[in-house]
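Engineer: Dumping the structure here so I can ask a few things about it.
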């Protein structure tokens, strides 16, 4: 292969790395507006609710992994910044343990600590701790005042030691967190008030620096990644539901606009959760066919633009083969980028551009293998979804199983005004084959 061709494939491959993009990145294409996704742009709807609420608001934002949620949050940040808001984006993976049950007490401490760290680190926003006393030290003082004491936290130690212990313990030490939760029972009201006062101090500090008419927006990202294991999944799901359904009043703050990212299954588990907040939006996959089966050509054209911004796909694929890749990945961006990355290396390995159909089918088969095997029980559930395009949730206790189907992307979410679900195209034939086999065995 000529050096120029390998350089082209290598650069194309690098541009397909799955990572959040800023809206001014030349690779960014706005995919969640217009008829390809829904009748409204979810990011613009979030922004408009903030603009139209004069003082404060609290919203939920949901998106399946790999659908571009973190990238769209950055677009939201840019949109609001351009309109005069001060926006803080807090990645909660740095503060929460995402595989264990979460409690309102440790969530409030972690959220306030994340905001404190962000304000201290960003000179354009604030660039210092509030009164040289950030929230972690404040939280340690609160524990001292309320006589919370347990092994693993030396409340009387130096400020830096206690702050570091508290921050690290909340994220990485489950036993520490459990003891804190136990100690905080009966003190939740006092903690919520202390956090509320700190958040109000943040608003005042921002306004003191930038003007009294400035409004603060805080985006708490990555909360939707909370998920348990086969051992504790029911506890984890219940804890997230309790957090957002049982304590919505403690998640809103005077003078501040807040957006929390939440798991997509939350509104299936708790259908009325949105009523506790000022709004809720979900990012779907790019729709390549209607729920009735007809192709949605606008989705194909949009994804061609997305890929075009990363490399000239026409040098690598015949048009019909490229459309096969788009269709088989179901409008799910992470899979699209994964298989395209492998196809770039395949072209280099075979010293062949454009690739022939067999190469495309080979890499799609490799991607399909990542989704297999599928249990007979799951196949029967998936087959019902394929017919109704609804979640087909048998019982409330089955939420962990439904979440697993979503998290593993066996099920994908789309919008036609309303949300609907469908099988990942790569597994459709396998689900049909297994379902037919099971039905044949059960026939009298």
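Engineer: Specify the angular offset, from 0 to 90 degrees and rounded to the nearest 10, of the alpha carbon long axis of helix 69-82 from the longest principal axis of the alpha carbons in the chain.
Structural biologist: 60 degrees
Engineer: Under a plain spin-label model, where a point goes 7 Å from the Cα along Cα-to-Cβ, how far apart in nm are residue 294 and residue 395?
Structural biologist: 4.1 nm
Engineer: Okay, moving on. Give, in nm to one decimal, the length gained when the segment between residue 201 and residue 213 is fully stretched (0.36 nm per residue of separation minus the Cα-Cα distance). Mind dumping the intermediate values first?
Structural biologist: Values: separation 12, 0.36 × 12 = 4.32 nm, distance 1.53 nm.
Gain in length upon complete extension: 2.8 nm.
Engineer: Here's something else I'd like to know. Could you state the number of Å between the C-alpha centres of region 384-412 and region 242-305?
Structural biologist: Between the Cα centres of region 242-305 and region 384-412 lies a distance of 16 Å.
Engineer: Moving on to the next point. With an 8 Å Cα cut-off and a minimum separation of 6 or more residues, compute the relative contact order for the chain in percent. Display every interim value, and only then the final one.
Structural biologist: Details: 641 pairs, mean separation 101.8, N = 444.
That works out to 23 percent.
Engineer: Please determine, in degrees from 0 to 90 and to the nearest 10, the orientation of helix 159-172 with respect to the longest principal axis defined by the Cα atoms of the chain, where the helix direction is its Cα long axis.
Structural biologist: Here the helix axis deviates by roughly 30 degrees.
Engineer: Then there's this: Quick check: residue separation of residue 3 and residue 168 times 0.36 nm, minus the Cα distance between them. What number comes out in nm? List each step's numbers first, then the result.
Structural biologist: Details: separation 165, 0.36 × 165 = 59.40 nm, distance 4.86 nm.
Answer, rounded to one decimal: 54.5 nm.
Engineer: Relative to a virtual label point 7 Å from the Cα of residue 185 in the Cα→beta-carbon direction, which members of region 87-125 show backbone nitrogen distances below 18 Å?
Structural biologist: Hits in region 87-125 for residue 185 at 18 Å: 101-107.
Engineer: Got a sec? Which residues in region 392-414 would a label at residue 99 touch, if it sits 7 Å along Cα→Cβ and we count backbone N under 17 Å?
Structural biologist: So the set is 404, 407-408.
Engineer: Within region 376-391, list the residues whose amide N lies under 11 Å from a label point set 7 Å along Cα→Cβ of residue 437.
Structural biologist: Flagged as within label range: 376.
Engineer: Taking the DSSP beta bridges in the chain as the whole, what percent of them are antiparallel, to the nearest 5?
Structural biologist: Rounded to the nearest five, the antiparallel share is 25 percent.
Engineer: Moving on to the next point. Just how far, in whole angstrom, is region 2-33 from region 175-240 if you go by their alpha carbon centroids?
Structural biologist: 36 Å
Engineer: At a 10 angstrom cut-off on C-beta neighbours, averaged per residue, how do the peptides 63-73, 399-409, 231-241 rank from highest to lowest?
Structural biologist: So the peptides 63-73, 399-409, 231-241, ranked by packing, come out 63-73, 399-409, 231-241.
Engineer: Once R0 is set to 25 Å, what does the formula 1/(1 + (r/R0)^6) return for the Cβ-Cβ distance between residue 365 and residue 318, expressed as a FRET efficiency to the nearest 0.05?
Structural biologist: On the way: r = 18 Å, r/R0 = 0.73.
That pair, residue 365 with residue 318, gives E of 0.85.
Engineer: Return one number: the angle in degrees, 0 to 90 and rounded to the nearest 10, between the long axis of the Cα atoms of helix 297-308 and the longest principal axis of the Cα atoms of the chain.
Structural biologist: The answer is roughly 70 degrees.
Engineer: Residue 428 to residue 235: extension gain in nm, 0.36 nm per residue of separation minus the Cα-Cα distance?
Structural biologist: 66.3 nm
Engineer: Let me ask something additional. Over region 376-442, calculate the relative contact order: mean separation of alpha carbon pairs under 8 Å at least 6 apart, over the residue count, as a percent. Don't skip to the end; give the middle numbers.
Structural biologist: On the way: 55 pairs, mean separation 26.2, N = 67.
Value for region 376-442: 39 percent.
Readers should treat all values here as calculations from the given coordinates under stated rules, not as data from a laboratory. Source: prediction; values computed, not measured. Cβ sites come from the backbone with ideal geometry, for glycine too, and all protein chains shown count toward neighbours.
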